[in-house]
Amino acid sequence: MIQMRFIGERRPVARITMIVTDGDRGVKRQTMPFVASSKVRHEPVYSRLGFDWGEDNASTVELARAILRRVYPGGYTHVLNDAMYKRFAAEVVAKLPRDAFEMTDATVQAWVGGQVR
């Protein structure tokens, strides 16, 4: 069973780390890049300034979009759309503690489950 954790820290600048635990394969730690990289692509749509959390702005929507796209990697049009990114940003990401946060894929899935009834 694959489990994901997202950790946000501001030391010295904002950084998001995704930790993936995959049963027998162990643990993989990966910094979520803001621009395209070899394995995890994230092309900015809402903000080219980076990710943010703990307040309501375009960079918060960018982080919401990145997290939803990691948890739901494709084919989930009911989740991967502009309205859901903005709602997830306003209801969850903007309310995270400003200094640091930790969020699991189960938390994201529970929020999505409450939206698509």
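Nothing in this text is a laboratory measurement; each read-out follows from the coordinates by a stated rule. Values in this document were obtained by computation on a predicted structure and should not be read as measured data. Note that each Cβ is placed from the backbone with ideal geometry, even for glycine, and that neighbours are counted across all protein chains shown.
A few remarks follow.
- Pairs with Cβ under 7 Å, 6+ apart, first in region 76-87 and closer than 18 Å to Asn57 by Cβ, second of a type in the set (A, V, I, L, M, F, W, C): Met84/Leu68; Tyr85/Val61; Tyr85/Ala64; Tyr85/Leu68; Lys86/Val61
- Checking each residue in region 1-25 for being surrounded by 12 or more Cβ atoms within 10 Å (Cβ to Cβ) and either among the hydrophobic types (A, V, I, L, M, F, W, C) or not in a strand (DSSP E or B) (or both) picks out Met4, Phe6, Ile7, Ala14, Ile16, Met18, Ile19, Val20.
- Any chance Phe101 is surrounded by 16 or more Cβ atoms within 10 Å (Cβ to Cβ) and under 18 Å from Gln30 (Cα atoms): yes
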